[in-house]
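Just below is one structure, and these are the notes that go with it.
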Amino acid sequence: MVALDAASTAGASYADARVMRVRDQRIGTREEQVSDLRDDETIGIAVRALVGGAWGFVASRTLNRAEAVRLARAAVEQARGNAAAVRVPVQLAPVDPYPNGEWSTPIRIDPFAVSLEEKVDLLLAANAAALGVPGARFVTSSMAFVRLQTTMASTDGSVIQQTLYRTWPTLTVTAVAPDYSDFQSRTSAEVAPMGLGYEHVQAARLRERAPEWAEEAVQKLSATPVEPGDYDLILDPSHLFLTIHESIGHPTELDRALGFEANYAGTSFLAPPEQVLGSFQYGPEIMNVIADRTQRGALATVGWDDEGVPADSWPIVRDGVFVDYQTTREQVHWISAHTGVNHSHGCSFAQSWDRVQFQRMPNISLLPGEDDYVIDDLIAATERGILIKGRGSYSIDQQRFNFQFGGQVFYEIRNGVVGGMLKDVAYQGRTPEFWNSLDMLGGTRSYELGGTFYDGKGQPAQSNPVSHGCPAARFGNVSVINTTSRG
Amino acid sequence: MSILTEGEARQLCERVIAAGTADEMLVRVESGLDGNTRFAVNQLTTAGEVEDTEVTVTARFGRRAASVRFNALERTGIAAAVRKAEQLAGLAPEDQEQMPLLGEQLYQTVPAFFDSTRDLDSTSRAIVVKTAADAAESAGLVGTGFLPRVARITAVANSNGLFAYQRSTLASFTTTVRTRGGDGSGWAGTTHNDWVRMTPPAELAERAGRKALQSVQAVTVQPAPYTVVLEPTAVGNLIRLLANGLGARAADEGRSAFSRPGGGNRMGDRILDERLTLYSDPQDPDLLERPFTDEGEPVGRTVWFENGVLKNLAYSRYWAERQQAQSVPLGGGLKLEGGSGTALDLVAGVESGILVTRFWYIRGVDPRTMVYTGLTRDGTYLIENGQVTRAVKNLRFNQSIVEMLDKIDAIGEAERVVASESGGLGGAVVVPPIVVRDFNFTSNSDAV
């Protein structure tokens with residue numbers, strides 16, 4: 001509050017301050033060794049001030065009243081200097097004050113309260129289980145836990161305290177051909193990072209599943225190289241979540257669409273807004289996509305965003321048609337005439353106290369279909385196709401048209417039956433045609449959450465944790481390449 | 001805030017070491033000013049100025065070790081962090097690969113700190129950004145860009161008497177300029193430790209604007225292997241990935257592009273074009289990198305490829321001892337020696353090909369051969385009879401970067417580039433423009 005008063009007195013029309021403590025624990029292992037053991041904690045204060053329609057942002061690790069005042073004055077002074085280079089002043093959409101806001105990620109077991117021995121024992125047991133499979137030569141495993149404790153206050157009258165948790169257990173096993181002519185890896189791609197506590201590690205069952213992943217790494221050595229061509233693709237949720245992230249999550253960021261990220265993350269094919277909102281046919285009628293910051297267990301789930309806007313849930317694609325973008329307070333008026341939405345969707349986020357908040361992706365999820373199919377139903381209905389599980393190599397152009405996505409494991413499908421394992425598979429396509437080739441959608445029973453800690457955007461680049469829910473889905477006649485050939 | 005002097009950094013390290021009771025202690029201090037200013041749609045959007053000092057303490061009991069990074073540096077904060085590191089280390093299993101701490105070392109002197117860069121405060125940056133944004137506006141174009149700068153120190157100390165200290169500055173300026181109709185896009189950028197030695201932002205803004213205007217009305221070319229002229233930034237985008245494959249251990253264990261079939265690694269083999277020499281050297285005036293690792297191991301000049309022959313791989317201290325080799329740390333930047341001439345000079349020698357400004361979203365596809373995929377971006381042009389004739393639509397590639405570096409037709413003059421796709425302040429990369437045969441484009445992109 002000292003900082004906010006100082007900013008107002010110095011001339012800010014709006015200011016917010018965040019005091020943030022970030023704890024980041026990581027345990028890494030390889031084979032029988034603990035290779036990385038750390039438990040980091042940093043704290044700092046950031047003040048953002050708006051003066052003459054321009055932003056200033058200053059942050060420091062020093063926490064005391066005098067420093068808070070100094071930062072506020074410096075942020076105002078910086079904003080004044082910046083205003084000379086601003087053409088269109090920032091306008092913030094109104095938000096209700098939340099003077100006593102409190103929210104915490106609903107976890108069952110605090111990961112930082114679990115003993116180190118238990119964590120290390122679990123990882124080394126999982127490594128041993130993987131290395132028990134003949135042909136498995138190397139294994140790494142890890143656990144990462146993050147806790148963000150934030151007190152955010154604004155001159156709009158909000159004082160909000162939040163504690164966010166993230167948990168990610170992983171395992172990667174590598175098989176090497178006896179003659180050193182090939183090596184193949186398999187990661188625990190089905191175990192997503194989640195906004196949960198240590199209960200997620202327990203549910204992941206790394207030790208029990210490690211032999212299966214190890215066997216698949218070994219199988220990949222002798223898998224059949226894929227024949228390039230057009231195939232029906234059945235995408236498991238452990239794979240499809242990242243396709244959604246790249247081809248729906250990023251193009252529907254409003255700052256991209258209007259050119260604000262052109263120098264790094266890129267722009268979007270979904271532009272200009274007035275020509276695509278309510279009319280762009282993203283996919284078939286069975287395609288419904290929501291943006292959401294309320295889903296339990298998802299990584300971008302919060303009580304409020306980093307400018308005091310309560311968590312929201314809203315449609316992005318309705319019955320196949322694109323209907324809305326992701327927004328922050330200053331972006332609302334850019335499109336409100338076209339959407340009729342006069343409030344922020346609450347997409348402001350900063351990775352830490354030392355970075356300014358800006359528009360970041362909420363959880364963007366593909367809703368299950370009305371027919372209650374499971375993945376086996378999709379397979380049974382497919383004459384010639386490929387089943388893809390897990391995330392692999394992902395690349396997409398800066399407007400989100402042309403993509404090339406790989407995976408962890410691939411299986412041939414013939415006449416409704418899963419056949420042998422394939423390797424060196426990637427599919428290429430163009431986003432609008434790809435989503436319009438969606439012809440079969442799993443139901444609620446096949447719905448899962450995938451996610452990442454490391455959605456990158458902005459300059460300086462910041463990481464945003466985000467989840468994507470989806471059922472299994474089938475796409476018709478997608479171009480598949482062999483990644484070792486020249487096609 | 002002033003930058004920590006060597007004496008202040010040493011004092012801080014000593015305070016942390018003195019707070020511990022572990023067998024051995026390792027401390028790293030990273031401290032300084034981190035500022036940046038962004039602009040988009042021809043106006044300044046955000047800026048930031050951050051002051052921080054972060055300490056990473058590693059406590060070791062025999063072969064047990066754990067680390068804690070923290071920035072609460074009052075006496076109680078230091079004591080709590082050291083205690084946490086010691087508690088964790090006490091619980092950790094023994095790491096058989098743990099090497100003893102180094103003793104006192106000698107380091108190269110690297111003059112990487114420049115007042116001109118330190119003094120690039122938010123007011124100065126706003127003026128620079130306004131110049132670039134106004135240039136785009138007056139040309140009827142849309143300018144976007146980023147100007148980050150750091151002024152920082154790194155110090156490493158341990159309970160065996162080792163102490164290392166380095167202060168440095170670094171800045172970059174990158175800009176993407178687009179046409180108002182969104183049918184053209186151009187990029188330009190530069191980076192250096194010394195702001196004064198960087199290409200003036202106004203000149204870069206003009207270059208990016210020219211590229212944007214030249215990239216309209218792009219034609220589609222059939223994806224296929226082409227002769228390409230890669231501008232230095234495009235070369236840097238790919239060369240920095242080569243460092244990912246330079247680990248000796250992965251090569252010896254059979255899981256690297258530099259593994260020898262049947263066992264061992266490929267050191268001694270000619271792998272790249274005979275004209276290519278790639279090295280790291282913190283003292284090189286074009287690189288000016290930190291002359292020690294996070295553990296205080298000295299980093300000197302290492303030639304990775306000499307005249308195309310793989311001369312060195314990076315050995316950790318553990319792997320070096322096990323393989324009875326010399327420890328060779330990764331670090332010290334990357335420099336690919338060049339010849340003479342700019343990218344446009346190289347174009348003059350190409351009958352038919354494609355000129356690439358930079359690449360985007362580069363990801364590994366096949367680690368066995370270092371095949372990467374990615375796309376061209378912000379200025380891709382057709383070359384006909386030694387001239388740039390028109391813009392082509394962007395293309396996706398799937399290409400082994402090792403194989404690419406053995407298909408070189410010509411090499412230009414090396415320069416320091418912004419090699420990271422994010423325009424951030426990464427390790428120093430100095431590379432020439434090159435002409436490559438049969439660069440494998442696999443599909444077209446509609447992205448501008």
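Being modelled with pLDDT under 95 and either within 14 Å of chain B (Cβ to nearest Cβ) or surrounded by fewer than 24 Cβ atoms within 10 Å (Cβ to Cβ) (or both) is the requirement here; does A:Asp232 meet it? Against the criterion (modelled with pLDDT under 95 and either within 14 Å of chain B (Cβ to nearest Cβ) or surrounded by fewer than 24 Cβ atoms within 10 Å (Cβ to Cβ) (or both)), A:Asp232 does not qualify. Of B:Ala151, B:Ala132, B:Ala136, B:Ala164, all but one fail to be more than 14 Å from chain A (Cβ to nearest Cβ), touching a residue at least 40 places away in the same chain (Cβ under 8 Å), touching a Gly at 6+ places or on another chain (Cβ under 8 Å) and closer than 24 Å to A:Trp55 by Cα; the exception is B:Ala151. Checked against (1) under 30 Å from the mean Cα position of the chain (by Cα); (2) of a type in the set (A, V, I, L, M); (3) more than 7 Å from every other protein chain (Cβ to nearest Cβ), B:Val16 passes all but a single condition, namely (1). Among residues of the range B:366-392 being surrounded by fewer than 18 Cβ atoms within 10 Å (Cβ to Cβ) and out of contact with any Phe, Trp or Tyr (no Cβ under 8 Å at 6 or more places or on another chain), the one that is nearest to the other protein chains (Cβ to nearest Cβ) is B:Thr369. Please pick out the residue among B:Asn193, B:Asn158 that is away from chain A (no Cβ under 14 Å), surrounded by 23 or more Cβ atoms within 10 Å (Cβ to Cβ) and under 24 Å from B:Ala428 (Cα atoms). Of B:Asn193, B:Asn158, the one residue that is away from chain A (no Cβ under 14 Å), surrounded by 23 or more Cβ atoms within 10 Å (Cβ to Cβ) and under 24 Å from B:Ala428 (Cα atoms) is B:Asn193. Restricting the first member to the range A:105-119 and to residues that are in contact (Cβ under 8 Å) with a residue 24 or more places away in the chain, and the second to residues that are of a type in the set (D, E, K, R) and part of a helix (DSSP H, G or I), the beta-carbon pairs closer than 7 Å and six or more apart or on different chains are A:Arg108/A:Glu199; A:Ile109/A:Glu199. The residues of the range A:20-42 that are out of contact with any helix residue (DSSP H, G or I) (no Cβ under 9 Å at 6 or more places or on another chain) and among the aliphatic types (A, V, I, L, M), listed by number, are A:Met20, A:Val22.
When B:Gly103 is tested against (1) touching a strand residue (DSSP E or B) at 6+ places or on another chain (Cβ under 7 Å); (2) not in a helix (DSSP H, G or I), exactly one condition is not met: (1). The number of residues in the range B:91-123 being closer than 30 Å to A:Ala54 by Cβ, buried (at least 17 other Cβ atoms within 10 Å of the Cβ) and either more than 24 Å from the chain's Cα centre (by Cα) or of a type in the set (Val, Ile, Thr) (or both) comes to 2. Among the residues of the range B:65-79, those identified as within 9 Å of chain A (Cβ to nearest Cβ) and under 29 Å from A:Asp121 (Cα atoms) are B:Ala65, B:Ala66, B:Ser67, B:Val68, B:Arg69, B:Phe70. Within the range A:192-205, the set of residues being under 16 Å from the mean Cα position of the chain (by Cα) and over 30 Å from A:Ile45 (Cα atoms) comprises A:Ala192 only.
Yes or no, residue by residue, for (1) more than 14 Å from chain B (Cβ to nearest Cβ); (2) under 26 Å from the mean Cα position of the chain (by Cα); (3) in a strand (DSSP E or B):
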| residue | (1), (2), (3) |
| --- | --- |
| A:Pro368 | yes, yes, no |
| A:Asp376 | yes, no, no |
| A:Ile388 | yes, yes, yes |
| A:Phe403 | no, yes, yes |
| A:Glu412 | yes, no, yes |
| A:Gly420 | yes, no, yes |
| A:Ala426 | no, yes, yes |
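Hey, among the residues in the range A:157-182 that are under 23 Å from A:Glu32 (Cα atoms) and without any contact (Cβ under 8 Å) to a residue 12 or more places away in the chain, which one's surrounded by the fewest Cβ atoms within 10 Å (Cβ to Cβ)? This residue is A:Pro178. Of the residues examined, B:Leu204 is not one that is under 30 Å from B:Glu297 (Cα atoms) and part of a helix (DSSP H, G or I). When the range A:241-285 is filtered for residues that are within 15 Å of the chain's Cα centre (by Cα), not in a loop (DSSP other than H, G, I, E, B) and not aromatic (Phe, Trp, Tyr), the ones remaining, listed by number, are A:Leu242, A:Thr243, A:Ile244, A:His245, A:Glu246, A:Ser247, A:Ile248, A:Gly249, A:Glu253. Residues in the range B:59-74 that are assigned to a strand (DSSP E or B), surrounded by fewer than 24 Cβ atoms within 10 Å (Cβ to Cβ) and more than 30 Å from the chain's Cα centre (by Cα): B:Phe61, B:Arg64. Does A:Gly476 satisfy the condition of being over 16 Å from A:Leu367 (Cβ atoms) and away from chain B (no Cβ under 11 Å)? So A:Gly476 passes the test.
Just so you know, in the range A:313-338 the residues that are surrounded by fewer than 17 Cβ atoms within 10 Å (Cβ to Cβ) and among the polar types (S, T, N, Q) include one that is farthest from the other protein chains (Cβ to nearest Cβ), and it is A:Ser313.
Out of B:Thr233, B:Thr227, which single residue is within 14 Å of chain A (Cβ to nearest Cβ) and not basic (Lys, Arg)?
Going through B:Thr233, B:Thr227 in turn, just one is within 14 Å of chain A (Cβ to nearest Cβ) and not basic (Lys, Arg): B:Thr233.
Considering every residue within the range B:91-111, establish whether at least one is at pLDDT 95 or above and within 8 Å of chain A (Cβ to nearest Cβ). No, the range B:91-111 contains no residue that is at pLDDT 95 or above and within 8 Å of chain A (Cβ to nearest Cβ). For the range B:402-425, the set of residues classified as under 11 Å from B:Val436 (Cα atoms) and more than 14 Å from chain A (Cβ to nearest Cβ) consists of B:Leu405, B:Asp406, B:Ile408, B:Asp409, B:Ala410, B:Ile411, listed by residue number.
Of all residues in the range A:192-215, those satisfying the criterion of being surrounded by fewer than 22 Cβ atoms within 10 Å (Cβ to Cβ) and not basic (Lys, Arg) are A:Glu199, A:Gln202, A:Ala203, A:Glu208, A:Pro211, A:Glu212, A:Glu215.
Okay, residues lined up against (1) within 27 Å of the chain's Cα centre (by Cα); (2) of a type in the set (Val, Ile, Thr); (3) part of a strand (DSSP E or B):
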position	(1), (2), (3)
A:Arg147	yes, no, yes
A:Ala153	yes, no, yes
A:Val173	yes, yes, yes
A:Pro178	no, no, no
A:Ser181	no, no, no
A:Glu190	yes, no, no
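Suppose the filter is more than 30 Å from A:Thr42 (Cα to Cα), under 16 Å from the mean Cα position of the chain (by Cα) and crowded, with 19+ Cβ neighbours inside 10 Å; does A:Ser395 pass it? Spelling it out, A:Ser395 is indeed more than 30 Å from A:Thr42 (Cα to Cα), under 16 Å from the mean Cα position of the chain (by Cα) and crowded, with 19+ Cβ neighbours inside 10 Å.
The values are calculated or read from the model by the stated rules, or taken from the named source; none is laboratory data. All figures in this text were calculated on a predicted structure; none of them were measured in a lab. We place every Cβ from the backbone using ideal geometry, glycine too, and count neighbours over all the protein chains shown.
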